[in-house]
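Bear in mind that the values in this text are calculations on the coordinates, not laboratory data. Worth saying up front: this structure is predicted, and the values here are computed from it rather than measured. Counting neighbours? That spans all protein chains shown, and the Cβs are built from the backbone with ideal geometry, glycine included.
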Amino acid sequence: MFEETAQFNIDANYDVCAYSVFTPYPGTLAWYEMLKQKRLVSYDWNKYDQGHIVYRPMSLAPEQLRAGHMLAYERFYSLSSILRRFPTNSGRSKIYWSTYNLFFRKGEVTGRFIENAIAEPTEVPGHVAEPPLMPERKDWQELVKENNHY
C-alpha cells in the first residue's frame, strides 16, 4: 500500500507530498476505539506527533508501518521522481518547487530522523480524556467509568 500510494502521487504529478503516521489523538473517536481494544501502547503525549507509532496496528507490525512510512517518502522524493515531476511546462515557480522537493528529500520533515519512532510502552495515566459528547455510546460510557474509576 505504501508503494502504491507513492506511485499514485507521482503519477498524479503532485508538487509535494507529506506522509504521516496515523495518530489517535486523545479524546477522538479513534483514540476511544483503540483504548477499548487495548491497542494503545504509549500515553507519552509528546509522542503523539504523526511521526511516532503509539499503538499496535491491526494488519502489520509497528516496524512494517515505520518502514512503509519511510518507503513512501523515499519513492516520492527519489531523484527519478523529482526529475519526472519537475514543472517544465507550467507557470509554477521552479525555484519554490525545487526548494520544497529538496527540503523533503533531505528528510527535514519526513520523520526520518526520529529516534525510536516506535514509542515505548508507558503506563495508562490515572485520568484519561472524557469521551466526545456526540455520539454517545454505551461501551464508551463504560470505558470512561472503568478508566476514571467513577
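Structure notes:
- Between amide H atoms placed 1.01 Å from N, distances below 5 Å from ILE53 occur with ILE118, ALA119, all of them 5 or more places distant or on a separate chain.
- Taking Cβ atoms as reference points and 13 Å as the exclusive limit, the residues near GLU3 contribute a net charge of -2, counting Lys and Arg as +1 and Asp and Glu as -1.
- Cross-link reach list, lysines versus LYS36, counting only Cα pairs under 27 Å and skipping chain neighbours closer than eight places: LYS47, LYS138, LYS145
- Helical runs (DSSP H, four residues minimum) scored at -39500 (n - 2.57) apiece and divided by the length of the chain put the mean residue ellipticity at 222 nm at -13000 deg cm²/dmol.
- HN-Hα J in Hz across segment 11-16 - Karplus 6.51, -1.76, 1.60, θ = phi - 60°, x for Gly and Pro: 4, 6, 6, 5, 5, 9
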